[in-house]
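Remarks on the structure that follows.
The values are calculated or read from the model by the stated rules, or taken from the named source; none is laboratory data. It should be emphasised that the depicted structure is a prediction, and the values quoted were computed from it without experimental measurement. Quick reminder, even Gly has a Cβ in these numbers, built from the backbone with ideal geometry, and neighbours come from all protein chains shown. Side chains are part of the model used for accessible areas, which takes the heavy atoms of the whole protein and leaves out ligands, DNA and RNA. Shrake-Rupley method; radii C 1.70, N 1.55, O 1.52, S 1.80 Å.
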Amino acid sequence: MKFELNWENLGNIREGRPTFGTDCPVLMYRLLQFSLRNVIETESGEGKGGEYLYKAGELVGRLIHKKFLADIKDTDELFTKLANLLYELKVCILRVEKSYPDKGEFVLTASEDLDCSGVPEIGWPICQFDEGFVAGILSVFTGKHAVAKEVDCWATGERFCRIEAKVE
Ligand SMILES: [Zn+2]
């Protein structure tokens, strides 16, 4: 049976965790994501971890858009609301570096990112979930296919993430 990703299946966290509440240490988030990437790579081949995390990010981007950003028409407003939400959720400090809505091109940076801030330099960017997340949101927002690519990351020696997104 296929597990459905929807808000209902995430459950009532407050009710289910009266002692611990809704927060969870970054350590556990990373252990889950990194171990999942490792299992996927072992089972399905090198590079597949990033590929699947990108797809997962797209799904989450679409869900987040539907719940929090659905009524927005203006690109600046979209990024402002998204940045506020990601700050509230302690995901990252999101900034818009470049925004060309007419060309469908955007460059975003994320500081203190949940996925990678503090990781050692491994030589390639590891925030494929974030790439997919941005692409998912922009796809629904524009009604067109969007792609996103991380060009700087803690894992490439930067001290923040930079994601280039393009609506096709
Ligand atoms: Zn990164």
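Could you size up the charge dipole of the chain around its Cα centre, putting +1 on the beta carbon of Lys and Arg and -1 on that of Asp and Glu, and report it in debye to the nearest 20?
Working: 21 positive and 28 negative charges, 68 e Å.
Here the size comes out at about 320 debye.
Residue by residue through region 64-69, which ³J(HN,Hα) values in whole Hz follow from phi under the Karplus form 6.51 cos²θ - 1.76 cosθ + 1.60 (θ = phi - 60°), with glycine and proline marked x?
5, 4, 4, 7, 10, 10
Quick query: amide H of E158 versus all other amide H atoms, modeled in the peptide plane; which residues come in under 5 Å with a sequence gap of 5 or more or a different chain?
Close amide H contacts, sequence-distant or interchain: C153.
Region 74-166: which GluC sites (Glu not before Pro) are DSSP loop and have at most 12 other beta-carbon atoms within 10 angstrom?
When the GluC sites (Glu not before Pro) of region 74-166 are filtered for loop state and at most 12 Cβ neighbours within 10 Å, E121 remain.
Run the 1.4 Å probe and let me know the accessible area of F20, rounded to the nearest 10 Å².
That residue has around 150 Å² of solvent-accessible surface.
Which is farthest toward the positive dipole end of the chain among G118, C161, F34, measuring Cα position about the Cα centre, with Cβ charges +1 (Lys, Arg) and -1 (Asp, Glu)?
Among G118, C161, F34, the one farthest towards the positive end of the dipole of the chain is F34.
Not counting ligands, DNA or RNA, and with a 1.4 Å probe, what is V151's accessible surface area in Å² rounded to the nearest 10?
Solvent-accessible area, nearest 10 Å²: 60 Å².
Between L85 and E4, what length in nm is gained on full extension when 0.36 nm per residue of separation is reduced by their alpha carbon distance?
Additional length available on full extension: 26.8 nm.
Gaussian network model of the chain, Cα springs within a sub-10 Å range: biggest mean-square fluctuation belongs to which of L53, L114, L31?
L31
What residue among L86, F106, F20 has its Cα farthest toward the positive end of the dipole of the chain, where the charges are +1 on Lys, Arg and -1 on Asp, Glu, each on the Cβ?
Result: F20.
If you rank Y54, Y100 by how much accessible surface each has, with a 1.4 Å probe, what is the order from largest down? Write down the numbers at each step before the final one.
On the way: Y54 45, Y100 100 Å².
I get Y100, Y54, largest accessible area first.
Which whole-Hz ³J(HN,Hα) couplings does region 155-162 yield from phi under the Karplus relation 6.51 cos²θ - 1.76 cosθ + 1.60, θ = phi - 60°, glycine and proline marked x?
6, 9, x, 7, 10, 7, 9, 10
So what is the relative contact order of the chain, in percent, for Cα pairs below 8 Å that sit 6 or more residues apart?
Relative contact order of the chain: 21 percent.
Let me know the shape class of the chain, please: from the alpha-carbon gyration tensor, a ≥ b ≥ c as square roots of the eigenvalues, rounded when a/c is under 1.5, otherwise prolate if a/b is greater than b/c, or oblate.
Rounded shape, in that the Cα axes give a/c under 1.5.
Output ³J(HN,Hα) for region 123-130: one whole-Hz value per residue in order, computed from phi by the Karplus curve 6.51 cos²θ - 1.76 cosθ + 1.60 with θ = phi - 60°, and x for Gly and Pro.
x, 8, x, 10, 8, 5, 4, 5
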